Each structure stands twice: as structure tokens, then as C-alpha cells.
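Let me begin by presenting the structure, written as C-alpha cells, before commenting on it.
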Amino acid sequence: MLQPAVNVMVKAARAGGGVLLRNMHKLDALNVVEKARHDYASEVDGLAEEAIVKELRRAYPEYAVLGEEGGAKPGRGGPSRYTWVIDPLDGTSNYLRGFPHWCVSIALVEGAEPLHGVIFDPLRNELFTATRGAGAQLNERRIRVSERKELNGAILGTGFAPRERKRVGAQLRAIEALLESAEDVRRTGSAALDLAYVAAGRSDGYFEAGVHPWDIAAGVLLVREAGGRISDFKGRATGPMNVAFAGGREIVAGNVRIVEPLQKTLVDSGYAKEFA
């Protein structure tokens, strides 16, 4: 049975997803803003976030909000120990091009750590949920990370964040090193879904730099509750808020046997050294 807060989060995620679905056939008419080089937002991102926040604040008006589009907002009555961390459309570039891989991501964070996480893929009607200490689910069925014991034959995910292009040479060297043993390295365009897929065992590991809290807060909890591990590029265990606010904003995720050799390859290839 889902926790009351998760039920509210699911309702909010479906509301945001509904906005995205209703507008996906009007892409040519959308107002699109380039927030930074190759980093886009559309009016639909804002509309979806408004729908999400409306549902969340209807139930929990005292909680703070940190949204990709709306920024940080206090709860009613001032500062709160609880914060909704929201990405109303993770995979905006995919969405704007009609590439069918994007999602809604919502986490409820206490301090620096997530209590609940929801990632919703409206196109596939796939709902990933997690509660700290209670496991992770996909459409209410328990999920676990993969059982792969080594990098040999692994499927890995990564991303090329626009703000990290100055380090792309080092990242490509790391990918070259990984492909000596891994089966493939894939770039889907959605950090949240990458983490959800690791939690569901669809991929074996994931690494990326330049992530923000709203990109990974729900996904980090999903991976942990599915039996996986999260670290930064230097192998230090970390949470979604502190990793995402650090200088390089690095994350490595996978099952406990994959994370260590994946992270070690990032070090040995010189990629990890690019980050203070």
C-alpha cells in the first residue's frame, strides 16, 4: 500500500503528465526559451510544474518547493524541514523534438535526503515509486537492480550535459575505457529515467556530471530502495542534494558490484580528476 504522501505525489505527477500529453501535438506553436547553450525550456514545462505544485500544496501547503522552473519557494508559514523537489519535464529536448523518452520526477526531501520518490513516464504509463525503507516499485510491483557481477557485458547509461562540454574529451576517454568490457553505453536524454531504469534492472549502471537536485532526487531513492548504490566519481557515498549542489554535480549509480569498477574506471581514465 502506498504512503499517503506518495498517493498525493502520484496524483500530482499524473496531473503534470496530463499537461505534457495534451500539448505534445502542439510543439510547433510552443514558446521555447534557451536557458543556457543547448539547455531549453518551454511554456509547457512551466504549465506542468504549476499543475504539480497545485496538487502538492493542496495537501501539504506547509512544505517548501524546489522546482526546475519555479525555483525555491518556502512553505506556508515559513521555512520547512520538508521540500518537494520537482522536475516537471525531464528530457525537454526529447519532448520538443517528438522523441518519446521523457518523464515527470517528484521527490519529497527531508533535509538533504529523500523520503519518497515518484517518476512517471506518461507515454508508457509507467509509474516508478519508492519510499525510504520500504522498497521500490514499478506500477505497484517490486523492482530490483540487476544482478550483474562485473562490468563485462554491462549496459550503462550516461549523459552529456551542455554545461559540462568543456570536459567532454575526458568523458569520451572514460567511455572508451568502459567499452573495453561493457556491452554498450547509452545516452537517453533523461537522467531521471536513467536512474529509474537502473532501479528496475533495465540497465546495470549510470554516471553523469552536471546534474541538478531535481534531475536525480527521486531516482537516487529508487536505486537505493531497489538494492543499488549511489556515489560520486571518487567513490564517496552521497545523497541527491549534496551531490547535486557540489561543484561537479557528479553521480554514479548501479548495483553494489557494478558501482565500484565503474567508479574506478572513471578515476583511472582521468575523468574523475577533472572535478575538484
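The values are calculated or read from the model by the stated rules, or taken from the named source; none is laboratory data. These figures come from a predicted structure and were not determined experimentally. For neighbour counting, all protein chains shown are included, and Cβ atoms are generated from backbone atoms with ideal geometry for every residue, glycine included. Note: accessible area is taken over every heavy atom of the protein model, side chains too, but ligands, DNA and RNA are not part of it. Shrake-Rupley method; radii C 1.70, N 1.55, O 1.52, S 1.80 Å.
Any idea what angle helix 168-178 forms with the longest principal axis of the chain, computed on alpha-carbon atoms, 0 to 90 degrees, nearest 10?
60 degrees
Whole number in Å², please: accessible area per residue of the chain, 1.4 Å probe, ligands, DNA and RNA not counted.
Per-residue accessible area for the chain comes out at 44 Å².
What's the angle, to the nearest 10 degrees (0 to 90), between helix 256-268's Cα axis and the longest principal axis of the chain?
70 degrees
Given a 1.4 Å probe and every protein chain left where it sits, what share in percent of the accessible area of the range 4-142 is carbon and sulfur?
The computed percentage sits at 50.
Once you have a ≥ b ≥ c as the square roots of the Cα gyration tensor eigenvalues for the range 4-142, tell me rounded if a/c is under 1.5, and otherwise prolate or oblate according to whether a/b is larger than b/c.
Values: a/c = 1.97, a/b = 1.33, b/c = 1.49.
Verdict is oblate for the range 4-142.
Multiplying the sequence separation of Y82 and K166 by 0.36 nm and subtracting their Cα-Cα distance, what value in nm do you get?
That pair, Y82 and K166, stretches by 26.7 nm at full extension.
Of the residues G78, G159, G70, which exhibits the maximal mean-square fluctuation in a Gaussian network model of the chain defined by a 10 Å Cα contact cut-off?
So, out of G78, G159, G70, the one fluctuating most is G78.
For the chain, how big is Rg over Rh, using alpha carbon atoms and the Kirkwood form of Rh?
Numbers: Rg = 17.6 Å, Rh = 18.5 Å.
For the chain, the value is 0.95.
Within the chain, which is the longest segment containing none of the trypsin sites (Lys or Arg not before Pro) that sit in a DSSP loop and have at most 14 other Cβ atoms within 10 Å? Don't jump to the answer; show the numbers that get you there.
On the way: sites that count: K26, R37, R76, R81, R97, R124, K149, R187, R236.
Of all site-free stretches, the longest is 188-235.
For the range 122-234, what is one quarter of the convex hull surface built on the Cα atoms, given in nm²?
7.5 nm²
Test of the criteria: in the range 121-157, which GluC sites (Glu not before Pro) are in a DSSP loop and have at most 13 other Cβ atoms within 10 angstrom of their Cβ?
Filter output for the range 121-157: E140, E147, E150.
Less than 24 Å apart at the alpha-carbon level, and either on another chain or at least 8 residues along: which lysines does that give for K234?
K234 reaches K149, K166, K264, K273.
Would you mind telling me the share, in percent, of accessible area of the range 155-275 contributed by carbon and sulfur at probe 1.4 angstrom?
48 percent
Apply the Debye scattering formula to the range 42-121, with a single equal point scatterer on each alpha-carbon and no solvent, then give log10 I(q)/I(0) at q = 0.19, 0.22, 0.26 Å⁻¹.
For the range 42-121 at q = 0.19, 0.22, 0.26 Å⁻¹, log10 I(q)/I(0) is -0.78, -0.99, -1.26.
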